[in-house]
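Here the structure is laid out as structure tokens; the discussion comes afterwards.
The numbers here are math on the coordinates, done by the rules we state, and not lab data. Here the structure is a predicted model, which means the values were calculated and not measured. Every residue, glycine among them, receives a Cβ derived from its backbone with ideal geometry; neighbour counts consider all protein chains shown.
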Amino acid sequence: MTERAYALDDIIRKHLRLKSYSKRNPETIIEKGNLPLENNCPESAAYFRGASNSIARALELLNAYDNDAALRIIDQALGENPKMTGLHYGRAIALARLGRTVEAVDALKLLLSESPQHEKACTLLEEIAADPTTNLIKEADTAFHSKEFHRAFKLINKAKSMKHPAQDIDYIRAKCFLELNEPGAAREALKEELRYHPSNDKAKMLLDRIRSEHTQMASVKIRSAEFQELYQIVMPYTMLSEDRLYSLFAIAKRVCLKNISGNIVECGVAAGGSTALLAAVVRKYSRIPRKIYAFDSFQGMPEPTERDRHDGRTAEESGWGEGTCSAREDSLMEICRKLNVQDLVIPVKGYFEKTLPASQVEIGAIALLHMDGDWYESTRSVLNCLYSSIQRDGFIQVDDYGFWEGCRDAVHEFEMQHGIKFAMNKIDGTGVWFVKPEGHASYEIETA
């Protein structure tokens with residue numbers, strides 16, 4: 001969780017006094033008078049008991065941080081009786097925790113329109129509404145609907161850089177990418193939106209539309225049935241192209257069949273699809289015990305530098321700057337569980353310059369290094385820390401060599417500094433792979 005998300009949750013905890021709650025005192029989340037109860041009316045009393053039980057259950061779920069379930073109960077209660085306006089306070093708490101801060105603000109405003117003296121709601125509204133991410137999302141949405149697409153793009157990318165995964169950030173980014181005629185980027189932004197907010201129906205509909213209008217994105221290139229079986233499972237969890245994923249699959253298989261000793265390291269994991277694919281290959285083919293070390297911040301990209309450009313545009317201008325390519329750590333473990341490889345994967349959370357030196361001894365020898373850090377500084381950190389641990393005849397795949405200038409510069413600077421030359425094998429317009437120079441002539445990777 002990012003610092004801003006922690007701060008937001010501190011705000012919420014300050015206003016939610018769950019420990020003082022009891023089943024006889026449901027006013028913690030719903031103010032007195034909001035439940036219609038007529039004196040000496042058995043039907044009304046029964047309804048009150050049922051509503052109180054629902055409120056109690058919602059509070060238990062909020063206390064357990066099961067915010068989705070709490071929200072469902074609260075929404076159902078409000079659907080049955082819209083007069084229970086006090087429930088909007090609990091609804092706002094659940095929404096804010098889920099990153100849906102714009103909706104949380106709306107819920108609090110609705111409550112205050114009925115109960116303007118609700119002190120907790122007033123204070124919580126002031127603090128959530130002051131969140132710069134919330135304000136930037138609103139500004140970006142307004143700019144987009146005013147057809148100020150470049151301004152909307154700039155605002156929403158600034159919101160993204162704050163690393164607070166509020167709902168609709170990536171949805172608005174996707175709409176901006178479409179206006180810039182970048183459907184592939186829009187698709188990836190929507191996948192990111194749905195990783196954090198799987199119930200965002202607007203994002204689902206837009207993603208379905210992109211897929212139906214751009215069928216070439218889903219066309220199968222690699223004919224390997226074994227690979228395709230894995231690819232169809234991991235595809236929602238990765239930003240890598242089919243070609244680059246197949247390259248990793250083939251290299252990992254080669255490492256296992258040739259029994260090259262060492263673990264596999266992936267620097268830049270995002271949602272975990274490529275990590276899980278590598279682990280699945282190890283599970284099936286490795287003759288020796290291996291682990292897959294998965295390094296990622298799990299909160300998006302670090303801040304890029306001026307060297308991190310594509311076609312002359314800075315990373316921020318391209319829409320893929322700080323905070324992008326993010327996913328929670330549980331996304332990685334979810335796809336690993338789907339392939340039953342979670343026992344082979346070791347996630348390491350944090351930025352490379354700190355986590356790699358601290359893990360170098362534990363990792364030991366490396367048979368395959370997958371570098372997907374995008375930026376100049378990230379690429380330098382990986383090579384400087386891990387290159388010496390790569391086994392003779394070990395493999396390196398660099399995901400962003402052909403896209404980000406900073407990544408490419410870092411690779412060539414490393415070559416010059418160490419008096420070596422990597423014999424690059426192109427995968428597609430972005431990725432390359434090579435063997436550690438001492439044994440480069442030893443292998444050819446199988447083609448599809």
Expressed as a rounded percentage, what relative contact order does the stretch 310-411 have, with Cα pairs under 8 Å and six or more residues apart? 26
Show me, for the stretch 260-271, the HN-Hα J-couplings you get by feeding each phi into the Karplus relation (A = 6.51, B = -1.76, C = 1.60, θ = phi - 60°), rounded to Hz, glycine and proline as x. 6, 6, x, 8, 10, 10, 10, 10, x, 10, 6, 7
Dipole magnitude (debye, nearest 20) for the stretch 133-218, charges at Cβ of Lys, Arg, Asp, Glu: 160
Measuring from its Cα centre, the chain shows a charge dipole (+1 at each Lys and Arg Cβ, -1 at each Asp and Glu Cβ) which, in debye to the nearest 20, is 1040
Among G402, S381, L95, pick out the residue whose Cα is farthest towards the positive end of the charge dipole of the chain, where Lys and Arg carry +1 and Asp and Glu carry -1 on C-beta, about the Cα centre. L95
I'd like the orientation of helix 119-129 relative to the chain: the angle between its Cα long axis and the longest Cα principal axis, in ° from 0 to 90, rounded to 10. 30
The stretch 133-218, Rg to Rh (Cα coordinates; Rh as Kirkwood inverse mean 1/r): 0.96
With volume of the Cα convex hull per residue in Å³ defined as stated, name the option among (1) 140; (2) 150; (3) 161 computed from the structure displayed. (3)
From the alpha carbon gyration tensor of the stretch 50-190, can you work out the equivalent ellipsoid semi-axes (sqrt of 5 times each eigenvalue) and give them in Å, largest to smallest? 32, 16, 13
Report the antiparallel proportion of the DSSP beta bridges in the stretch 310-433 as a percent, rounded to a multiple of 5. 50
What are the ³J(HN,Hα) couplings of the stretch 176-186, residue after residue, when phi is run through the Karplus curve with 6.51, -1.76, 1.60 and θ = phi - 60°? Round to Hz, x for glycine and proline. 5, 4, 5, 5, 8, 6, 10, x, x, 5, 4
Against the rule of thumb 2.2 N^0.38 Å, how large the Cα Rg of the stretch 81-155 comes out: 1.24
Shape verdict for the stretch 225-442, please, from the Cα gyration tensor: rounded (a/c under 1.5), prolate (a/b greater than b/c) or oblate. rounded
Mean Cα-pair separation over length for the stretch 225-442, i.e. relative contact order, pairs under 8 Å, 6 or more apart, %: 22
So, relative contact order of the chain in percent, Cα under 8 Å, 6 or more apart, is 11
Relative to the compact-globule estimate 2.2 N^0.38 Å (N residues), the Cα gyration radius of the stretch 114-169 stands at a ratio of 1.35
